[in-house]
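Data first, discussion second: the structure below is written as C-alpha cells.
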Amino acid sequence: MVTVNGARYERTVEPRLLLSDFLRNELGLTGTHVGCEHGVCGACTVLLDGEAVRSCLMFAVQADGHAVTTVEGLTDGGGGPLHPLQAAFHEAHGLQCGFCTPGILMTLVPFLRDHPHPDEREIREALSGNLCRCTGYQNIVAAVRLASDGIPTPDR
Amino acid sequence: MESRRQIGERVRRTEDARLLTGRALFVDDVRLDGMLHVAFLRSQHAHARLTGMDATAARARPGVVAVYTAADLGDYWRPGPLLVPPPPIAGLVFNACTQVPLAKEKLRHVGEPIAMVVAESRYLAEDALDDIVVEAEPLPAVVDLEAALAKGAPRVHEHLPSNVAAHAVQRKGDYARAKQRAHTVIKRRFRYDRGASAAIENRAVAAQWDPRAEELTVWDTTQAPIPIRNGLAQLLGLLESQVRVVAPFVGGGFGPKIMMYYPEEVLVPWAAMKLGRPVKWTEDRQENFFATTQERGQIHDAEITLDQSGKILGVRDVFLHDTGAYDPYGLTVPINSQCTLLGPYEIPNYESEFTAVFTNKTIVTPVRGAGRQHGVFVIERLLDFAAKELGIDRAEIRRRNLLRRDQFPFNNEILFQDSAPLTYDSGDYEPALDQALELIDYHRFVREEQPRLRAAGRHVGIGIVCYVEGTGIGPYEGARVTVEPGGRVRLATGVGTQGQGHFTAFAQIVAEVLGVDVADVHVITGDTREFHWGTGTFASRGAVVAGSACQAAALRVREKILELASQELEASKADLVLAGGSVHVRGDPSAGITLGALAVKANPLRGAVRPGTEPGLEATAYFGPDRGSTASGVHAMLVEVR
C-alpha cells in the first residue's frame with residue numbers, strides 16, 4: 001500500500017520492481033523521468049514522506065506504507081495552477097528540453113522549504129545532484145532566486 | 001492599433017506548462033495495450049569474429065515472445081544508407097561502410113547489437129539476454145589513430161586495404177610560396193579527445209502497426225522524423241503515407257539523435273509489424289555510452305606563417321579524424337573542422353589535408369558543433385602562440401587579421417559540408433571583439449590585474465576566442481498556417497524539437513505577421529501526419545530555415561485575410577490593419593472583423609468559392625537557402641588554476 005499524490009494504491013509487485021518503473025508503468029505517472037537508473041542524473045527524483053529521493057534507487061516495495069509525491073502532485077494531478085516554483089521556472093526560462101525539470105523541481109521543493117532564502121552557493125549545492133545538459137544551470141539558479149526572494153532575471 | 005512587434009520580444013515559452021507539470025509526452029511515456037518490450041544483446045568486445053550463437057534457451061524463457069539475430073532478419077538485414085554523400089572535392093578518397101542492424105560474422109565496437117529480445121516486460125527481456133550463448137574470437141582492437149594507419153595494423157573492415165575511411169585535401173592560394181616569404185613559422189600538434197553528448201533522455205523507439213488502417217505509427221526520439229518516415233516506408237515496403245513518425249518532446253538532441261538509421265530504429269517497427277503487437281525499446285544509460293554516436297577525436301599537425309606585423313600569410317593543417325567503426329555521416333564532421341578553422345580571419349593561403357580513420361569505437365557523427373570547434377581550437381591556439389612569439393597582444397593579433405565589413409560576401413574558395421562553396425554571407429567582427437574586451441575589462445586585466453595576481457602567487461589567465469559558425473543550411477523546410485474558425489491559428493512544421501523553444505519562436509513569427517497573440521498560435525512540430533516535407537533539426541537551422549518558411553506561409557495567409565477582409569469591409573487592402581486577432585480599417589478599430597469570422601466566411605457551406613481562390617485561410621510555404629548563414633561570435637573567459 002502506498003499513497004501517491006494523496007491517493008492510496010494497493011498493488012502486488014515483484015520485489016525487484018524499481019519505484020521509478022512502478023510510478024511510470026503501473027500508475028501511469030510518466031512525469032517522473034528516468035535518465036540513468038543509477039542515481040547520478042536526478043531526473044527521477046520524487047518526494048518520499050516529504051524528502052527528495054531517487055526513485056530509481058528504491059524498490060517499489062520499499063515505499064510500502066509511505067507517501068510519495070511526484071511532479072504531477074505539485075499541480076493537483078497536472079491540471080491545477082502552477083506551483084510557485086514552477087511559475088518561477090516559466091518566468092526565468094529555467095528549462096529548455098524539460099526532461100530533467102521534474103527531478104529538479106522535486107529536489108528544490110524540500111530544499112526551499114528548509115532554506116527559504118538561499119544564497120547562490122547554497123542553490124548550486126542543492127542542484128549538484130541533478131544534471132541538465134541544455135541550460136548550463138544559469139537560468140535554473142535564476143528561477144530559484146526568483147522563487148525564493150522575488151529577484152527577477154536581469155534582462156539579457 | 002498597429003500590429004505589434006513580436007519577433008525578438010521577451011515572451012514566456014508556450015511549451016513550458018506541459019514540461020513543468022509532467023504532462024509533456026516523451027517517447028518512453030508511450031504506453032499501449034499489449035505492448036512488448038525490447039532488450040538488446042550487445043558486443044562486449046571492441047573487435048571480434050562472431051563464430052556462433054545459440055538463442056534456444058532465451059526463446060524458451062517464459063515471457064519471451066521472440067529473439068532475433070542477424071540470420072532471422074532475412075532480406076531485411078542490410079547496411080544503413082550513406083546519409084551525407086561527400087562533397088565533390090578533387091582527388092577525394094572515400095570508403096563508405098555503414099552500420100548494420102545486427103552484427104553478422106564480425107563485431108566492430110563495444111555496444112554493437114548482436115541480438116534483439118522481445119518480451120512481455122523489459123525486466124524479462126533483460127533476463128533473457130543472459131540465456132543467449134555467443135561464441136566470439138577476440139581480435140586485436142584498432143584504438144589509436146596513428147597506429148591504425150601503420151602497416152600491418154588490424155583492419156576494422158577487412159575488404160578494405162587499410163583503415164583509411166577517407167582522405168581529402170582542400171587548398172586555397174599557394175601555401176608553399178607564402179611560407180617562403182614568412183617572417184615567422186609556428187608549428188604545433190593539437191589533440192582533441194573523444195566525447196559523448198549524453199542527453200539526459202536516452203534514445204527510445206515505440207511502434208504500432210494498425211492492421212485495419214494498414215498504418216504504422218512510430219514514436220522516435222529523433223531530430224529528423226520525416227527522413228525516418230521516408231526511410232522506414234522504403235525498408236518496410238509501405239507507402240510513405242502509411243507510416244507516421246512522431247518525434248514528440250525530445251529530451252535533448254545535440255546531434256546523435258539525427259543519426260539514421262540506428263539499428264534499434266529499423267528493428268523495433270519491423271518487430272511490431274511482424275508480431276502484430278506494439279513494441280517499445282528505451283535505451284539505458286550504459287547503452288547510451290556505447291551505442292549512441294559520439295564525436296571529437298582528432299589529431300592536428302598545424303602550421304601558421306605570418307609576417308612581422310602578425311598578419312597571417314597562410315595556414316597548413318594535416319589532421320587525423322576518428323570516424324569510429326562505420327562512417328554513415330560521410331565527411332560532415334572533418335569538413336566542418338577543415339572549414340571552420342578559417343574562422344573570421346583573412347587567410348590568403350590555406351592547405352588542409354585530413355585522413356578519416358576507422359577504429360573499433362562507437363560511430364562518430366555530428367555532436368554539438370559537429371567538428372567546428374576543432375577548427376576553432378587549432379587556429380586560436382596558433383594565434384596565441386604567434387602573439388607570444390611576435391610580442392603582439394593576443395586581442396590585437398586577432399584584430400589585425402579579422403575580415404573587414406566591406407569584404408562580404410567573402411568566398412573562402414573551398415567546399416563546405418553542404419557541398420556549396422564556403423562563402424560567408426555577411427559579418428562585422430570587430431565590434432563583437434571590442435564588446436567582448438570591454439565586457440571582461442581585458443586591457444585593465446592584462447595591464448594591472450594579472451601582474452598583481454601573479455605577484456600574489458595566483459595563476460589567473462584570460463582566454464579570448466573569435467569564431468564563425470556555418471549555420472542555417474538547406475535543403476529546405478516548410479510550414480502550414482491555418483486560421484481556425486475559432487480565431488486561433490494553427491502552425492505545423494516538419495522540424496522536431498529538443499528544447500530549442502520552437503513552439504514559442506515559430507509562434508512569435510506567425511503572431512507578428514497575422515497580428516495575433518503568441519498564445520493564440522498553436523504549434524505542431526515533428527509529426528509527419530501534420531507535415532511531411534522537410535529534413536530536420538540540425539546545424540542551428542531551425543530558426544533560419546523553418547522560421548523563414550513559417551513567415552512565408554503566414555504572409556500568404558495574411559494576403560488571403562486582406563483579400564477577403566477588403567471585400568467584407570469594403571475598403572482597400574492598403575487601408576487595412578491586422579491587430580488583436582481582427583482586421584479593421586485604419587483609424588476605425590471599432591468596426592473590425594475577427595480572423596475567426598473571416599475563416600468561417602472563407603469556407604462557406606453554400607454558394608461557391610470564387611475561381612482562382614482556395615477555401616479557408618490556410619497556406620503552405622517552403623524556404624530553401626542557396627547556402628548557409630554565417631554566424632559569428634567572440635568568447636572571453638577568465639580562468640584561475642589552483
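The values are calculated or read from the model by the stated rules, or taken from the named source; none is laboratory data. Given the structure is predicted, the values throughout are model-derived calculations rather than measurements. Every residue, glycine as well, gets a Cβ built from its backbone with ideal geometry; the counts of neighbours run over all protein chains shown. Heavy atoms of the whole protein, side chains included, go into the accessibility calculation; ligands, DNA and RNA do not. Shrake-Rupley method; radii C 1.70, N 1.55, O 1.52, S 1.80 Å.
Before moving on, here are some points about what is shown:
- Taken over chain A, the convex hull of the Cα atoms encloses 104 Å³ per residue.
- Label point 7 Å beyond Cα of A:Ala67 along Cβ direction - residues of region A:1-30 with amide nitrogen under 18 Å: A:1-10
- Listed by chain and number, the lysines whose C-alpha is less than 19 Å from the C-alpha of B:Lys601, apart from same-chain residues fewer than 8 away, are B:Lys560, B:Lys573.
- For region B:588-631 versus region B:81-141, the gap between their alpha-carbon centres in whole angstrom: 49 Å
- Sequence-distant aspartates and glutamates (8 or more away, or on other chains) whose Cα lies within less than 16 Å of B:Lys104: B:Asp54, B:Asp72, B:Asp75, B:Glu112, B:Glu135, B:Glu137, B:Glu158, B:Glu264
- For region B:16-30 versus region B:437-501, the gap between their alpha-carbon centres in whole angstrom: 27 Å
- Computed helical MRE - 222 nm, chain A, DSSP H runs ≥ 4 contributing -39500 (n - 2.57), nearest 500: -8000 deg cm²/dmol
- Note on B:Leu25/B:Tyr123: beta-carbon distance plugged into 1/(1 + (r/R0)^6) with R0 of 25 Å gives a FRET efficiency of 0.60.
- Difference of contour (0.36 nm per residue) and Cα-Cα distance, B:Leu236 to B:Arg454: 71.8 nm
- Additional length obtainable on full extension of the chain from B:Glu105 to B:Arg400, 0.36 nm per residue less Cα span: 100.5 nm
- Distance from the C-alpha centroid of region B:204-283 to that of region B:52-73: 23 Å, rounded to the whole angstrom.
- Size check on region B:206-351: the Cα extents along the three principal axes, sorted descending, read 76, 32, 25 Å.
- When Rg and Dmax are taken over the Cα atoms of region B:412-512, they come to 23.0, 73 Å.
- Unsatisfied cross-links (Cα-Cα over 21 Å) in the set B:Lys257/B:Lys361; B:Lys151/B:Lys179; B:Lys106/B:Lys274; B:Lys311/B:Lys388: B:Lys151/B:Lys179; B:Lys106/B:Lys274
- With the highest mean first, a sort of the peptides A:58-68, A:139-149, B:50-60 on other beta-carbon atoms found within 10 angstrom per residue produces A:139-149, A:58-68, B:50-60.
- Approximate spin-label separation B:Gln435-B:Leu390, in nm, with each point projected 7 Å along Cα-to-Cβ: 2.7 nm
- Interatomic Cα distance distribution for region A:84-149, bins of 5 angstrom, percent: 4, 19, 36, 29, 10, 1
- Span-like helix ranges in chain A, DSSP H, alpha carbon extent 18 angstrom or more, Kyte mean at least -1.0: A:101-114
- For the protein assembly as shown, the calculated P(r), taken from all Cα-Cα distances in 20 Å bins from zero up to the bin holding the longest distance, is 14, 42, 36, 7, 0 percent.
- Ordering of B:574-586, B:377-389, B:507-519 by packing is B:507-519, B:377-389, B:574-586, highest average first (other Cβ atoms within 10 Å, averaged per residue).
- Shown here for region B:102-196: GluC sites (Glu not before Pro) in loop regions (DSSP other than H, G, I, E, B) with at most 11 other Cβ atoms within 10 Å, namely B:Glu105, B:Glu158.
- Counting only residues at least eight positions apart within a chain, or on another chain, the aspartates and glutamates with an alpha carbon under 16 Å from that of B:Lys187 are B:Asp301, B:Glu303, B:Asp307, B:Asp317, B:Glu351, B:Glu353, B:Glu380, B:Asp384, B:Glu389.
- Remark: region A:2-75 projects, on average over all directions, an area of 4.4 nm² (convex hull of Cα atoms).
- What a 1.4 Å probe finds exposed on chain B is 50% carbon and sulfur by accessible area, rounded to a whole percent.
- In region B:279-427, the alpha-carbon atoms span a convex hull of 144 Å³ per residue.
- Neighbouring partner chain Cβ atoms per residue of A:31-41, average, 10 Å criterion: 5
- Descending semi-axes in Å of chain B, equivalent ellipsoid built from Cα gyration tensor: 43, 40, 21
- Label separation (B:Val641 vs B:Glu135): 5.5 nm, computed from points 7 Å beyond Cα along the C-beta direction.
- Mean residue ellipticity (222 nm) of chain B, computed from DSSP H runs ≥ 4 via -39,500 (n - 2.57), nearest 500: -7000 deg cm²/dmol
- Virtual spin-label span in nm between A:His117 and B:Glu614, 7 Å along Cα→Cβ: 6.0 nm
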